[in-house]
1. In degrees, nearest 10, range 0 to 90: what is the angle between the Cα axis of helix 59-85 and the longest Cα principal axis of the chain?
2. Can you give me the distance in nm between label points at residue 58 and residue 204, each placed 7 Å from the Cα along the Cα-to-Cβ direction?
3. Full-extension gain between residue 217 and residue 157, please, as 0.36 nm times their residue separation minus the C-alpha to C-alpha distance.
4. Can you spot the lysines whose alpha carbon is less than 20 Å from residue 115's alpha carbon? Ignore those fewer than 8 places along the same chain.
5. Could you calculate the FRET efficiency of residue 75 with residue 175 from 1/(1 + (r/R0)^6), where r is the beta carbon distance between them and R0 is 41 Å, rounded to 0.05?
6. Compute the FRET efficiency between residue 146 and residue 279 as 1/(1 + (r/R0)^6), taking r as their Cβ-Cβ distance and R0 = 30 Å, and round to the nearest 0.05.
7. Return the percentage of antiparallel bridges among DSSP beta bridges fully within the chain, rounded to the nearest 5 %.
Amino acid sequence: MEIRQLHYFLMLCKELHFSEAAHKLGISQPTLSQQIRVLEDEVGVPLFDRMGKKTVQTEAGAILEHYARQMMQQMENAKRAIADLTHLNTGHLRVAVLPSDLDYRLTSLLVEFHKEFPNTQVQIIPSIDIVNQVLNNEVDIGVGLAIEPDSRLNRIAFYTETYRLYVHEQHSLASRELIKPHELQRIPFVMYPNGFYGRELINEWCKEHAIELKILMETGSVTSLFQLVRERIGATIQPSQLIDSFQSLGLRAVAIEHPPSRDLEMYYRNDKYLSAAARTFMKRMENSF
């Protein structure tokens with residue numbers, strides 16, 4: 001059983017179509033069919049049922065896929081460990097983060113990280129499907145809301161974040177130290193659209209406090225939301241720490257009684273080797289927040 005054959009096999013498991021799998025592998029369909037037959041001869045049972053143009057994985061195929069994925073992951077882990085040993089610090093680091101507000105605050109961290117790992121290519125990927133991206137090996141690390149325990153993941157809680165009311169510095173509420181939830185119903189708001197993590201968190205908090213906000217405008221960018229607040233179109237409710245980045249816009253962050261809050265975690269597959277660069281990035285995340 002060769003690594004190349006397992007690679008072919010896993011692509012066919014994904015596509016369940018010989019022509020599509022062969023195309024994505026860059027080989028001919030007869031070559032793929034021949035290699036799958038060799039693999040089936042070696043394990044002694046069919047791995048796929050061919051029913052006309054339809055390809056269906058057998059129970060034996062599902063078992064082999066499970067272990068083949070583990071084998072491929074261990075091969076990748078070995079490559080990364082050897083690269084670390086040779087101190088090349090090349091390669092890639094892929095991090096999925098909550099869109100809009102969280103990825104915005106990573107700039108200074110990335111600058112410092114680059115100084116230590118100048119040859120590591122970094123991708124920060126805003127995502128609303130972080131856990132699945134981690135599990136599917138599309139990213140190395142996920143940074144997002146706290147999740148339920150999952151035996152496939154290692155989880156590191158690193159920050160509990162509260163939200164505040166953001167208003168223009170000349171707003172009637174700008175001088176207040178604290179505002180009660182029911183008072184928020186008196187003012188217009190600019191917020192993320194429904195479906196965004198930040199908006200859903202606020203929606204749930206409003207239900208808990210039996211209040212309803214008057215939403216005038218919705219946009220998916222934290223920068224545009226704060227610019228709308230600067231133009232006095234409305235107030236917004238955002239993470240407290242963002243005031244450090246947007247204070248120059250002439251905004252004020254007012255504390256809310258019993259404020260919305262969220263717990264943030266980093267997670268990664270527990271069968272995945274984390275490079276020195278990845279471990280350093282996670283440590284810097286903890287220290288930064």
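1. 70 degrees
2. Each label point lies 7 Å from its Cα, and together they span 4.6 nm.
3. Details: separation 60, 0.36 × 60 = 21.60 nm, distance 3.31 nm.
Answer, rounded to one decimal: 18.3 nm.
4. Candidates past the 8-residue exclusion: 283.
5. 0.10
6. 0.90
7. 60 percent
All of the numbers you see were taken from the coordinates with simple rules; none came from a lab. The structure presented is a predicted model; accordingly, all values stated were derived computationally and were not measured. Quick reminder, even Gly has a Cβ in these numbers, built from the backbone with ideal geometry, and neighbours come from all protein chains shown.
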